[in-house]
Amino acid sequence: MDIGIDLGTANTLLYVRGQGIVLNEPSVVAVKEGARTALAVGTEAKETIGRTPGSITAIRPLRDGVISDYEAAEEMIRHFVRKAVPGRRPRTRMVVCVPSGVTQVERRAIVHAAQRAGARAVHLVEEPMAAAIGAGLPVSEPRGSMVVDIGGGTTEVAVISLGGIVTSQSLRVGGDRLDEAITNFVRKEHGLLIGERTAEDVKVAIGSAWPVPGDDALESRTFTVRGREKVRGLPKTVELTVPEVRAALDEPVEAVIAAVRTTLEECPPELSGDVMEHGIVLTGGGALLPALDLRMASATGIPVFVADDPLDSVALGCGKCVEDFDALERVMSAA
C-alpha cells in the first residue's frame, strides 16, 4: 500500500497508488479544550477558523511548511489516511513532501508523525523536486529546469538537473504572507480589522501582481470587505480597489522575485543557459495570482510559464514517485 502526501501549510493532498489524488483538504484541526482527540479535521475544521467559542481552538499544525504542533499534525495525518484509505492498511509506505530548507529536527518530526500515523516506511522528497516532476519537467535529464513553487507557507525556488537540486532558495513567504499583507494594509489604511479568511477572499477576488494588459474592466473592479473598526470596535464595510490590493501585495511578491534572482545568480552558467532557453515554471497556489508570471518575466528577462495544474503539481509529483518508486528512488531520501 503506497501513499504520497503533500503536507502543505494551507492544504494537504493524498495520492494513493493506482487511484490518483483521493483527498484534498485544508490543513486545519479543531480541538476541544482538554479532549484527547480532534473535534473536526480538514474542511469542517476550516469553517471554524475565527468563529470558535473559547473552549474550541482551530489549529493549523503546519506553519511555514513545517510542523509547529506535533500532536495535531499526527492526528491530522492519521485522520486523512483513514478517510482516504478505509479499512486495514497493511505495510503502508509513505512518500512525504518537505520544503528544501528544512532542518534535521524538522525532518525527523515529519517522519515520526507519519510513522505514528501508521507508515511502515517513510521516504521524503523535496518539494521543488516533486513540483518539477508534477509539472512534467525533465528532471532526470542533464538539462537545467527552474521551478518556483509558491505554497501557503513557503516559496521554493530551485534549479534541477540530473535528478538533483543544483541550487535552491527556501523562503518563508507564501499565500499566508499575502493574506497577512492584505490584513495589515486594511488595518493601516482603513482602520478596519479583518480575519484571515476575509483577507484570503480579497486576494482570490481582486488580487494581482501587475496590471493585466488590455483588461481595463479588471482594473476598475472593487471588493466589499466587512470587519470591525479599530477605534470604535463597531462593524463596518469598506470597498477595496484592485490597485490598492496590488500595492498591499507588493512586498511579499518582491521577496519572491528577489529569491528567483538570487537562485539565478548562484546557478552554474551552463544551466543558466538552459533556464534562459526553456523558461521558469510556476507552481503552487501562489502561481494563480494574476500577472505574477508577467511581473517575474519582466524582472528577470526570462520567459515564465504557469504549470497546467499548479495547485496539484507537488501532489502529482509525489504520486509519480509512488507509482514509479524504483525509477525515482534516487530523488527521495529514505528516513
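For this structure, a couple of remarks:
- Considering Glu251, Glu180, Glu239, the condition of being in contact with a Ser or Thr (Cβ under 6 Å, 6 or more places away or on another chain) and at pLDDT 95 or above is satisfied by Glu239 alone.
- Checking Lys188 against (1) in a helix (DSSP H, G or I); (2) open to solvent by 40 Å² or more (accessible area, probe 1.4 Å); (3) within 26 Å of Asp293 (Cβ to Cβ), the condition it does not meet: (3)
- Strands (runs of 3 or more DSSP E) completely within the range 1-112 that count 1 or more residues being more than 30 Å from Val159 (Cα to Cα) and open to solvent by 10 Å² or more (accessible area, probe 1.4 Å): 29-32, 38-41, 56-59
- Residue in the range 208-220 that is assigned to a loop (DSSP other than H, G, I, E, B), under 20 Å from the mean Cα position of the chain (by Cα) and at negative phi present: yes
- Among the residues listed as Gly50, Gly54, Gly65, Gly4, the single one being under 20 Å from Pro99 (Cα atoms), modelled with pLDDT under 85 and touching an Asp or Glu at 6+ places or on another chain (Cβ under 9 Å): Gly65
- Matching residues, the range 113-126, being assigned to a strand (DSSP E or B) and either under 23 Å from Ala158 (Cβ atoms) or open to solvent by 60 Å² or more (accessible area, probe 1.4 Å) (or both): Arg120, Val122, His123, Leu124, Val125, Glu126
- Qualifying residue in the range 130-146 (condition: within 15 Å of Gly101 (Cα to Cα) and either open to solvent by 10 Å² or more (accessible area, probe 1.4 Å) or without any contact (Cβ under 8 Å) to a residue 12 or more places away in the chain (or both)): no
- All strands (runs of 3 or more DSSP E) inside the range 226-335 with 2 or more residues being of a type outside the set (Gly, Ala, Ser), open to solvent by 40 Å² or more (accessible area, probe 1.4 Å) and touching a residue at least 12 places away in the same chain (Cβ under 8 Å): 235-241, 304-306
- Residue list for the range 288-329, filter: touching a Lys or Arg at 6+ places or on another chain (Cβ under 8 Å) and closer than 24 Å to Trp210 by Cα: Leu289, Ala299, Thr300
The values are calculated or read from the model by the stated rules, or taken from the named source; none is laboratory data. Predicted model, so just to flag it, every value in this text is computed and none were measured. Heads up, the Cβs are rebuilt from the backbone with ideal geometry, glycines too, and the neighbour counts pull from every protein chain shown. The protein model used for the area step is the full one, side chains on, heavy atoms only, and it has no ligands, DNA or RNA in it. Shrake-Rupley method; radii C 1.70, N 1.55, O 1.52, S 1.80 Å.
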